[in-house]
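Let me begin by presenting the structure, written as structure tokens, before commenting on it.
Values quoted throughout were computed directly from the atomic coordinates according to the rules given, and no laboratory measurement underlies them. If you're wondering where the values come from, they're calculated on a predicted model, not measured in any experiment. Cβ: placed from backbone, ideal geometry, glycine included. Neighbour counts: every protein chain shown.
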Amino acid sequence: MLNGTVENVAKNTLLYSFVLSQPFAVYAGAYPVFENKTLLEAEQLEYGDHGEAVRILQYKLNELDYYDDNVDGELGVLTEHAIKKFQRDHDITITGQADKETIVALIEIDINRNIKRLENLSDSVYPGLQSEEVKIIQESLQYFGYYEGEIDGMYGPLTKKAVEIAEEKHDIDFLDHAPQESLYTMYNSEKEQTASNVQTESTSNVKNVKVNANYSSMIQTAYAQVGTPYVWGGTSPGGFDCSGFLQYVYSSNGVTIPRTVSDIWNFAAPIDTLSVGDLVFYQTYKPGPSHAGIYIGNGQFIHAGLDGVEVSNMSEPYWETRYLGAKRISGS
């Protein structure tokens, strides 16, 4: 069995060989870590040149708004004109040739641009989030070769791992959990509305206000475990199954719940309206409730799936067709 270091080197060597054997269209913009290497090895590109290095040059000039024609790998008049504009703007001798100085400047600007994107968005993304900002972060992490997953906008385990590398390499601090104001906007507005109506509601509804008051802590505990692997029968941060995850989150907040999903279903109270912090139940591998997670608002829930603790959309076909209903744990 290969150790981690040797395995990583082998994998990258194989990937590099594969990329160089494919048409540029396969990896333009998708394997940036190889683009810079290809450009630097070219050393100089001039009018009439063609090939992969020229395509990469065109692609980078396009990203920086200097070139807006087809990325075709042919260094013609328009590409030469774009190079001249870049050279003029960066105090490089204007030749229209992509010499070593021009290529290095282009790469340095590209690197700085991606570092700046990471810095600017470091306070906007966090584990479990799905957004366009996460996509941008993934693209920049991929640029440096830290991220190997799909650019899907989901801050899951692979993104988290890549972020940790970026933090160490570039001294950037990312959030390790959702900020209070972004996680609980729905919860807070709902809580304020409920509190304003306490005098006119029944005793059971007053009790529900107390339940909601602990949900911010519950959800923060849950978010802290995003990326934890799935382990059948797991009940700790070393690995969870779905009910073990729920039991851990509630236990960490002083509430005892049953061990199995079906028992939690029977233990929890039915509700009419789904709110942040409620439990959502699904019928998966057997009849009746067999999977559950915690609703976090905006049609999303956090749960321990087969890929580990993650955030999923209730509207995804798989979950939507298996949804059984939602319930609430009383007394929490």
- prompt: Once fully extended, how much extra length lies between Glu101 and Asp89, figured as 0.36 nm per residue of separation less the alpha-carbon to alpha-carbon distance?
  reply: 3.0 nm
- request: Read phi for every residue in segment 104-112 and hand back ³J(HN,Hα) as whole Hz from Karplus 6.51 cos²θ - 1.76 cosθ + 1.60, θ = phi - 60°, with x for Gly and Pro.
  value: 4, 4, 4, 5, 4, 5, 4, 4, 4
- line: Residue separation between Asp307 and Ser330 times 0.36 nm, minus their alpha-carbon distance, gives in nm 5.3 nm
query: Using θ = phi - 60° and the Karplus curve 6.51 cos²θ - 1.76 cosθ + 1.60, what whole-Hz ³J(HN,Hα) does each residue of segment 81-95 get, with Gly and Pro shown as x?
result: 5, 5, 4, 4, 4, 5, 4, 4, 5, 10, 6, 10, 3, 7, 10
- request: Taking 7 Å along the Cα-to-C-beta vector as the label spot, tell me the His81-Glu46 distance in nanometres, rounded to one decimal.
  value: 2.2
statement: Shape call for segment 245-332, from the Cα gyration tensor axes a ≥ b ≥ c (a/c under 1.5 means rounded, otherwise prolate when a/b beats b/c, else oblate), comes out rounded
message: Below 18 Å, Cα to Cα, which aspartates and glutamates can Lys327 reach? Residues fewer than 8 away in the same chain don't count.
response: Glu190, Asp263, Asp272, Asp278
- request: Pop the C-beta distance of Thr273 and Val231 into the FRET formula with R0 = 41 Å and round what comes out to the nearest 0.05.
  value: 0.75
query: In nanometres, what is the gap between the two model label sites at Asn112 and Gln283, each 7 Å from Cα along Cα-to-Cβ?
result: 6.1
- request: Two decimals is fine: what's Rg over Rh for segment 24-178, C-alpha atoms, Kirkwood radius as Rh?
  value: 1.03
query: Of the peptides 56-66, 241-251, 39-49, how do they stack up when ordered by the mean number of other Cβ atoms within 10 Å, highest first?
result: 241-251, 56-66, 39-49
